[in-house]
Each structure stands twice: as C-alpha cells, then as structure tokens.
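Report on one structure; see the data block that follows.
Coordinate-derived values only; no laboratory data. Everything numeric here is computed off the predicted structure, so don't read it as measured data. We place every Cβ from the backbone using ideal geometry, glycine too, and count neighbours over all the protein chains shown.
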Amino acid sequence: MVPNEMILKGNEANNEKALKSLLISKRRRIQLPQWGVAWLVLFPALIFLTMFMLYPILNTFLSAFVQNYNYTDGAGSFAIGQFIAGVKSGDGMDMAFGLSNFKMALQNEDFIKSIGNTAILVIIEVPLTIMVSLLIATFLNSIKALKGVYQTIFFLPYVTNTIALGLVFNIVFANSQGGLANILITKLGGTPINWLSSTAHPSIPEQGVATKFHQGVVIVLYALWNGLAFKILVFMSGLATIDSQYYNAAKIDGANNFTIWRRITLPLLSPQILYITITSFIGAFKMYTGVMSVYSNTGSVSIKPAYNFGGKFGTDWIPVVGWIYKTLDDSADKTGVASAASLILLAIIMVITAVQFAVSKKRVHY
C-alpha cells in the first residue's frame, strides 16, 4: 500500500506542477499592464456613456450658444457631420455664438410660467414628502406586527410604472360623480369637484372648469405618493444603523419619545436627510411624466396628450421640462432655445444644491 500511495502523491504533484506551468504560460501571453486591463474592462461602458451622456451634454451646450441654430437633423441632433459639410460648402461659415437663445427663453411667458409652476411644486412637494416619509419610516421601524405587509404597501409605488400611476390618479380624481374622490365628497355632504378637466362634466354643468388650486392638489398628492417609497427605504436603512444604546440611555434619563426622536434620531439621520433632500429637489425640478400622465383624457382635442398640463391651453401647470419638450416639438428652429432653457434649469439646480451643501456643513453628523 505504501508504494501505491507514493505513486498517487507523485502523480498529484506532477499534475499540480503542470497546471501551474500552464497558468504561468497563459499569463505570459497577456502582457497588458494593470491600467491597460482596467481600460479594457471599462471600454464597453465608456462607449455607452459617450454616446448617450457625453455627446448629448456637448450637443446641448453647443446648440444653446449657437445663434439661429439650424443644423438639426432628426430629433434635435447637433449633426456635426452635417455642420462640417456646411462649412466645406460655405453655407455654415456664418454660424455665430451668442446669448440670443437665452434671451428668447427668458422673454417667453410660458417659460417664466413653467419656472413658477415648478418652483411652487418643489416648495410644497419636497418638504411634505420628506416629512411624511420620515414619519412613516420611524413608524415602520418601531413596530413588529405586520411590518413586512406595511413595507410592501408603501414600496409598491416604487415598482409601479409612472404613467400607470398617473392614470390611476386621473381615474380617482375624475370630475364625474363616479370618481372615487367625488364619491367620498358626496358621502360627506359636499358637491363634486372638477379636479383636472378643462371642461365641466355634462351631468354637472354648475361644476365649472378645474381651478389651478384643485389641479395642484392632485399633482402634489401624486408626487407625494410616487416619491414615498424610495425615501422610506433610505430612511429605514439609516434607522437600522443607529445603535440602540443611545435610545436606552435616553430612556434611563427620562426622555420621552418625541425628545428622543428630535435629539437622537434626527441628528443621526442627517446624512440620509441631506441625501434625500438633494435628490428630491433635483427630481422635483425635472418633473414631467407625472404631471403629463395625471392630465390624460382631460384636455382639448387640439392639445397633444404629451403636452397637456391642465387648463384650456394645456399650460396651467406646465413644468420646465415639459416646456422644453414642447418647444422641441413645435419647431426644429427652436432647438437652441430649448437647449438654453435646459442650461438655465441646470444652473438653478446647481445653485440650490450648492446652498444645501453649504447649509448642511454644520448640521450633518457623519
């Protein structure tokens, strides 16, 4: 038996040496440095980033400063090849850069109106959503019974299509007596309200058209429900990292639940609150799909559904992004104006984000 074991061990040793030599020979064939391997791995992602992020950003900056921008091709592409061809033929040599597109955007009444609408929605929706999601997250973190059920209920909007969610709100707040909101109002002794439609319901002519206030209520409720899930998830992950010894020590000292929440929970959640605040402001300023989907089947036939934002002319609650899309669709010659509006929106977001970081330096505890 001993000789057989020695033979087996010898074979294993030989196999191991052969495997090592094979691996070494394969490694020697690939003589790329470490940075070369890194670039090789990143190359596919860089292609997509260049095509769908870097190029559109460059396109927007260029077209925003080009006066009388007319080198568009298809869906607003800068068409560099077309421009080069124009330069060679002499047709593109008169291209000049300036701020005329920014001037045209800022002189447009609908654009100024869209900035005001977006600002109102941001000021109301963002703080309200953060406060409600923080309270719900605290509640979910403190209960044990049916915790998973409640988490599933509040997480459902996050996995629901935005358009579908908007259509649900459109049905719930229908101006007819059959709308769920109006059913509840009628049961409580009130009169049905025209929430969204630009025309009164035939069976309720005294109802009148939807006011801007009632439309705003629906949009804010939609944004609140749609934005809760992700914020609750972030806050709950932050609550899970807080050591329970802080709470135990506070209870021993006689602190009540509100004092514990205000003095311990909120300061230790400040990083998550800052993150949620910044992302919420950015998301609210880019609001478009939600507003558009809420107004499905409520506007005039002459208004395109993608650009119906309430009212007779579809502009009652038009957001900045909605105005940019509408401007691009109206005329290819307005591509530069739409690009300028995009940069104005970017500047507003950057300023607000910078202010938030500056204010949070003394209030955020890592």
Quiz item: Which of (1) more than 25 Å from the chain's Cα centre (by Cα); (2) surrounded by fewer than 18 Cβ atoms within 10 Å (Cβ to Cβ); (3) at negative phi does G189 not meet, given it meets every other one?
Solution: (3)
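Could you please give the count of residues in region 156-215 that are in a helix (DSSP H, G or I) and over 28 Å from M287 (Cα atoms)?
Filtering region 156-215 down to residues in a helix (DSSP H, G or I) leaves 156-159, 162-172, 180-187, 205-207, 212-215.
Pick out the ones that are also over 28 Å from M287 (Cα atoms) and you get 183-187, 205-207.
Total satisfying the criteria: 8.
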Quiz item: Would you call N161 closer than 28 Å to I273 by Cα, of a type in the set (S, T, N, Q) and in contact with a Phe, Trp or Tyr (Cβ under 6 Å, 6 or more places away or on another chain)?
Solution: no
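Are any residues in region 328-352 farther than 30 Å from T277 by Cβ and not acidic (D, E), and if so, which ones?
Quick first cut of region 328-352, residues farther than 30 Å from T277 by Cβ only: 328-337.
Answer for region 328-352, where residues must be farther than 30 Å from T277 by Cβ and not acidic (D, E): L328, S331, A332, K334, T335, G336, V337.
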Exercise. Would you point out the residue of region 321-335, among those that are crowded, with 23+ Cβ neighbours inside 10 Å and closer than 12 Å to T118 by Cα, that is farthest from the chain's Cα centre (by Cα)?
Key: W323
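Pull up region 198-224, narrow it to residues that are in contact with a Phe, Trp or Tyr (Cβ under 8 Å, 6 or more places away or on another chain) and touching a residue at least 24 places away in the same chain (Cβ under 8 Å), then point me to the one that is farthest from N308 (Cα to Cα).
Taking region 198-224 first, the residues in contact with a Phe, Trp or Tyr (Cβ under 8 Å, 6 or more places away or on another chain) are 210, 212, 214-219, 221-222.
Those left that are additionally touching a residue at least 24 places away in the same chain (Cβ under 8 Å): 210, 212, 215-216, 218-219, 221-222.
Values: A210: 14, K212: 14, Q215: 12, G216: 14, V218: 15, I219: 13, L221: 18, Y222: 16 Å.
Per the criteria, the residue is L221.
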Quiz prompt | Enumeration of residues in region 239-259 that are assigned to a helix (DSSP H, G or I) and without any contact (Cβ under 8 Å) to a residue 40 or more places away in the chain | solution = S244, Q245, Y246, Y247, N248, A249, A250, K251, I252, N257, F258, T259
